[in-house]
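*Asks:* Below is the structure I would like to discuss, written out as structure tokens.
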Amino acid sequence: MTFLTVAWKNLMRRPTRTILTLGGIGVGIAAVVALTSLARGFEQVWRNAYEARGTDLVITKTTSRSPLPSPFDAGLGVEFAAIPEVEAVAGLMSDLMGIEESPTMLVFGWDYPGFLWDHLKLRQGAWPRAGVSNQLVLGSLAAETLGKKVGDVVQIEFDEFQVAGIFDSPALVENGAVIMPLPDMQRVTDRAGKVNFLNLRMHANQREAGIAAVRARLQERHRGYSALEAGEVAGRNTGVEVARGMSWATSWIALVVGAFGVANTVLMSVFERTREIGILLAIGWKRRRVMAMILIESVALSLLGGVCGIVGGLVTVKILEQTAMLHGKLEADLGPGLFGMALMVALGLGVAGGLYPAWRASRLQPGEALRAE
Amino acid sequence: MQVRGVTRLFDEGRVEALRGVDLDIAEGETLAVIGPSGCGKSTLLQMLGALDQPTAGEVRFAGRSLSGMRDLAGFRAREIGFIFQSFHLIPTLTALENVQVPMLECGGTRASRRKRGEELLASVGLTERLNHLPSKLSGGERQRVAVARSLANRPRLLLADEPTGNLDTTNATRIIDLLLEVHREFGTALVVVTHDPGVAVRVGRAVRMKDGRVILELETAPGEGGR
């Protein structure tokens, strides 16, 4: 027998209470795992999209930090295209729209032709033909969601479009999106001549210089616009920030609620065992050891709950990813770091919840505790 | 062990459990403390075992004052073995595990603790009951586990608080036999609090307490506890 045997057998003394507490901690940790992985996944899919497009710098209007920033004059792109380090500029207009019976989908209007299209792989059909309006292409997931094939007609707002082709993209958000040439998008959204993003690509090995030059130009002539590197855009996205904030808030709530749950359970078990703790002190256990025993019980409880929570969180995420709301829009980021974080949260709430009961237990006077019933 | 002028007040002085008790217990001696309930016997035992601190007066063990001792838990673990009326075993642990609980405070390997636990239980005749929980043991068996536990760290002083109070005559006799045997074999000093005159007679030297005072010292002849 070791010291741990004593703590373990205490936890197993009231299995129902232990299991219920595990469930409480598990739900909290599952929420942390699910929300954090989705928030990170959200950020990751957008980062992937910019990387796949080969965009070095994204220009938007700073005045609005909404997920879909306000439109501005597409003519601005011409000015940046003239900067020597800049290889190409592509304007794009994006919006979220409900299409036919399907839930909200991302709809892009992209300068056509342009470098944005280069990374897409045509699976079926053809690209929209230059000069022909009311044609679009569907990402493979979008085609699946809408139940459309090449040649079908898709109604967007009051316009009818023909599906010219279906493509695959390395970026999940694009696979779940509808893409049309920019002029069509401007007409559908009633924003002629406007874009809400400019994507810039620099000449190879002039990337840094190009970024500096564009930033200098914005600073000098176009206050109110910002230039973000592809990696930053995802992080600055308000949606990503909200998701990240939500996941942090939930994690804290889970931590606090979990810590109270653990504290309650462990404190109850300390009260119930007053006489036993008196016995341990009487036969020579030091206060430190009694305290360690209670803390170990509390930490073991919360770590076990953490493991249950991780499993629960994984299952939740896998189910959520398949819902119509999220299918094709994001993929949870389930890195090992996340599980490490979840276990740290569990450990934290075990220590937080166990400290007070452990202190109470260690303060008992052995003589009095022995008289307790 | 020397007890000098020990007073213990409870409830802000309204209850006087002990009023100036003086007592000497020589190394390896046996002593029975008798008296009616509420006379302060158990409080005195708690003073001897450093479970409680006197309001006034002093308890010395081997020349050292307990009140000046920083590591009272360590003192209890090494020098004192406790036996209680209601056994006070840990209900979630088996007999063998209960006996090992005090050893956790005194180091040793897992194997050595187990071996010592098995030896101790064998010496109280419980070889067949090592892996039983206290709830599966009879009262007499539980008290024998408690005796084995009290000997875990080879203490110099055994303190037994009404050790036979919850036992029938046969088992009571057996426990007293066991305690006296331990005393003879290891030279362990033994203080037994009891209200059973029969027990007091067997132990040998006895003091009678009343209202928190030692009122009479009896040398019951011949006393199996004498050396």
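*Asks:* With both partners inside chain B, how many of the DSSP beta bridges are antiparallel, as a percent to the nearest 5? It would help to have the intermediate numbers written out before the result.
*Replies:* Details: 18 of 34 bridges.
Percentage antiparallel, nearest 5: 55.
*Asks:* Below 27 Å, Cα to Cα, which lysines can A:Lys286 reach? Residues fewer than 8 away in the same chain don't count.
*Replies:* A:Lys9, B:Lys41, B:Lys115
*Asks:* Between helix A:207-221 and chain A, what is the angle of the helix's C-alpha long axis to the longest principal axis, kept within 0 to 90° and rounded to the nearest 10?
*Replies:* Once rounded, one gets 80 degrees.
*Asks:* Quick check on the protein assembly as shown: what are the equivalent-ellipsoid semi-axes from the Cα gyration tensor, as sqrt(5λ), descending, whole Å? Display every interim value, and only then the final one.
*Replies:* Details: eigenvalues 1400, 108, 64 Å².
Semi-axes (√(5λ), whole Å): 84, 23, 18.
*Asks:* Can you work out the FRET efficiency for the pair A:Ile319 and A:Val132, with r the C-beta to C-beta distance and R0 = 41 Å, to the nearest 0.05? Mind dumping the intermediate values first?
*Replies:* Working: r = 42 Å, r/R0 = 1.02.
Efficiency, from the Cβ-Cβ distance: 0.45.
*Asks:* Place +1 on the Cβ of every Lys and Arg and -1 on the Cβ of every Asp and Glu in chain A, take the dipole about the Cα centre, and give the residue among A:Ile29, A:Pro366, A:Asn199 whose Cα lies farthest towards its positive end.
*Replies:* A:Pro366
*Asks:* Give me the dipole magnitude in Debye, nearest 20, for region B:1-156 about the Cα centre, with unit charges on the beta carbon: positive for Lys and Arg, negative for Asp and Glu. Please list the in-between numbers first.
*Replies:* Values: 22 positive and 17 negative charges, 98 e Å.
Charge dipole, region B:1-156, about its Cα centre: 480 debye, nearest 20.
*Asks:* From the Cα gyration tensor of region B:22-86, with a ≥ b ≥ c the square roots of its eigenvalues, which class applies: rounded if a/c is under 1.5, or else prolate if a/b is larger than b/c, or else oblate?
*Replies:* rounded
*Asks:* Determine the dipole magnitude for region A:1-113: charges of +1 sit on the beta-carbon of Lys and Arg, -1 on that of Asp and Glu, nothing else is charged, the reference point is the Cα centre, and the result goes in debye to the nearest 20.
*Replies:* Values: 9 positive and 11 negative charges, 317 e Å.
Value, rounded to 20: 1520 debye.
*Asks:* Does region A:92-173 come out rounded, prolate or oblate, given a ≥ b ≥ c as the square roots of the eigenvalues of its C-alpha gyration tensor, rounded meaning a/c under 1.5 and, failing that, prolate meaning a/b above b/c? Don't jump to the answer; show the numbers that get you there.
*Replies:* Numbers: a/c = 1.29, a/b = 1.21, b/c = 1.07.
Note, shape of region A:92-173 comes out rounded.
*Asks:* Let me ask you something else. Starting from region B:3-85, pick out the trypsin sites (Lys or Arg not before Pro) whose DSSP state is loop and whose Cβ has at most 13 other Cβ atoms within 10 Å.
*Replies:* Working: sites: B:Arg4, B:Arg8, B:Arg14, B:Arg19, B:Lys41, B:Arg60, B:Arg64, B:Arg70, B:Arg76, B:Arg78; in loops: B:Arg14, B:Arg70.
Filter output for region B:3-85: B:Arg14, B:Arg70.
*Asks:* Same structure again: Quick one: helix A:336-363 against the long Cα principal axis of chain A, what's the angle to the nearest 10°, folded into 0 to 90?
*Replies:* Once rounded, one gets 30 degrees.
*Asks:* Given labels modelled 7 Å from the Cα in the Cβ direction, how far is it in nm from A:Leu122 to B:Gln53?
*Replies:* In this crude spin-label approximation the distance works out to 9.1 nm.
*Asks:* Compute the Rg/Rh shape ratio of region B:1-48: radius of gyration over Kirkwood radius, all on alpha-carbon atoms.
*Replies:* Details: Rg = 11.5 Å, Rh = 11.6 Å.
In region B:1-48, Rg relative to Rh is 0.99.
*Asks:* Of B:Lys136/B:Lys210; A:Lys194/A:Lys329; A:Lys61/A:Lys329; A:Lys149/A:Lys329; A:Lys61/A:Lys148, which sit over 30 Å apart, Cα to Cα? Please list the in-between numbers first.
*Replies:* Values: B:Lys136/B:Lys210 38 Å; A:Lys194/A:Lys329 25 Å; A:Lys61/A:Lys329 24 Å; A:Lys149/A:Lys329 20 Å; A:Lys61/A:Lys148 35 Å.
Listed pairs above 30 Å: B:Lys136/B:Lys210; A:Lys61/A:Lys148.
*Asks:* For region A:1-102, which GluC sites (Glu not before Pro) are in a loop by DSSP, counting at most 15 other Cβ atoms within 10 Å?
*Replies:* Details: sites: A:Glu43, A:Glu51, A:Glu79, A:Glu85, A:Glu87, A:Glu100, A:Glu101; in loops: A:Glu85, A:Glu100, A:Glu101.
Of the GluC sites (Glu not before Pro), the ones in loops of region A:1-102 whose Cβ has at most 15 other Cβ atoms within 10 Å are A:Glu100, A:Glu101.
*Asks:* With runs of 4+ DSSP H residues as the only contributors, calculate the mean residue ellipticity of the protein assembly as shown at 222 nm using -39,500 (n - 2.57) per run, divided by the residue total and rounded to the nearest 500. Don't skip to the answer; put the middle values down first.
*Replies:* Working: 20 runs with 280 residues, N = 600.
Computed mean residue ellipticity for the protein assembly as shown: -15000 deg cm²/dmol.
*Asks:* Specify whether the C-alpha gyration tensor of region A:138-222 places it in the rounded, prolate or oblate class, a ≥ b ≥ c being the square roots of the eigenvalues: rounded for a/c under 1.5, otherwise prolate if a/b is larger than b/c and oblate if not. Provide the component values of the computation, followed by the final result.
*Replies:* Numbers: a/c = 3.76, a/b = 1.82, b/c = 2.07.
Oblate is the answer for region A:138-222, as a/c is 1.5 or above yet b/c matches or exceeds a/b.
*Asks:* Using alpha-carbon positions, what is the distance between the centroids of region B:138-176 and region A:160-218, in Å?
*Replies:* 86 Å
*Asks:* On to the next question. Nearest 10 degrees, 0 to 90: what angle lies between the long axis of helix A:15-53 and the longest principal axis of chain A (Cα atoms)?
*Replies:* The two axes meet at around 20 degrees.
Each value in this text was obtained by applying a stated rule to the coordinates, not by laboratory testing. These numbers come from a predicted model, not from an experiment. Every residue, glycine among them, receives a Cβ derived from its backbone with ideal geometry; neighbour counts consider all protein chains shown.
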